[in-house]
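I have placed the structure first, in the form of structure tokens, so that the comments after it can refer back to it.
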Amino acid sequence: MHGPNDGLSNVKVDGSGMRFGILCATFNFDIVDALRIGAVQGFTNHGVAAKDIHTIWVPGAFELPVAALALAKSGKVDAVVALGAVIRGDTPHFEYVSGEAASGLQQAALQSGIHVAFGVLTVNTLQQALDRCGTEGNKGEEAAIGAIMTVQALKEIAAL
């Protein structure tokens, strides 16, 4: 089985001098806070200074896109990591919220020209969410590393 970071051994991930915003949804707070801790760890383990990591909380995953667009347009960060947790329930709420969060975050990135990493868990059960926000395989950490890599790639493209 292959994982999302299998190719990292060939890539130097260095966030030195970069600035990042972490947007967190307060809904499912314990899960999102664990994702946030993972994201901060992912940034600091790859050279991002603590002073260059800014965390902002919004009510839920549905509100992440508008905040991501504002933060991305602020000129204060090189990329945004959006963190949330949408857990399937008995109503179609899951499809609406997760779908709008995904497309809204993509639109925020396209409209701002700043990378917006999708760190919103869209899971069927609470256990699946807990499995993705622990110390092993934390999706917040993966989103942070992906954000650093994307900023590096965009800087490389701009230098061509």
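Within segment 121-160, take every residue that is aliphatic (A, V, I, L, M) and closer than 14 Å to D33 by Cβ and give me the one that is surrounded by the most Cβ atoms within 10 Å (Cβ to Cβ).
Start the filter on segment 121-160 by keeping residues that are aliphatic (A, V, I, L, M), which leaves 121, 123, 126, 129-130, 143-145, 147-149, 151, 153-154, 157-160.
Now drop any that are not closer than 14 Å to D33 by Cβ, which leaves 121, 129-130.
Values: L121: 24, A129: 22, L130: 15.
Ranking the qualifying residues of segment 121-160, first place goes to L121.
Does Q152 satisfy the condition of being out of contact with any Ser or Thr (no Cβ under 6 Å at 6 or more places or on another chain) and without any contact (Cβ under 8 Å) to a residue 60 or more places away in the chain? No, not satisfied.
When restricted to residues that are buried (at least 19 other Cβ atoms within 10 Å of the Cβ) and not in a helix (DSSP H, G or I), segment 52-63 contains 2. Residues satisfying the criterion are present in segment 85-96 (criterion: touching a residue at least 60 places away in the same chain (Cβ under 8 Å), touching a strand residue (DSSP E or B) at 6+ places or on another chain (Cβ under 7 Å) and crowded, with 24+ Cβ neighbours inside 10 Å).
A short reminder: the numbers here are calculations on the coordinates, not readings from a lab. Source: prediction; values computed, not measured. Methodologically, a virtual Cβ is constructed for each residue, glycine included, from the backbone with ideal geometry; neighbour enumeration extends over all protein chains shown.
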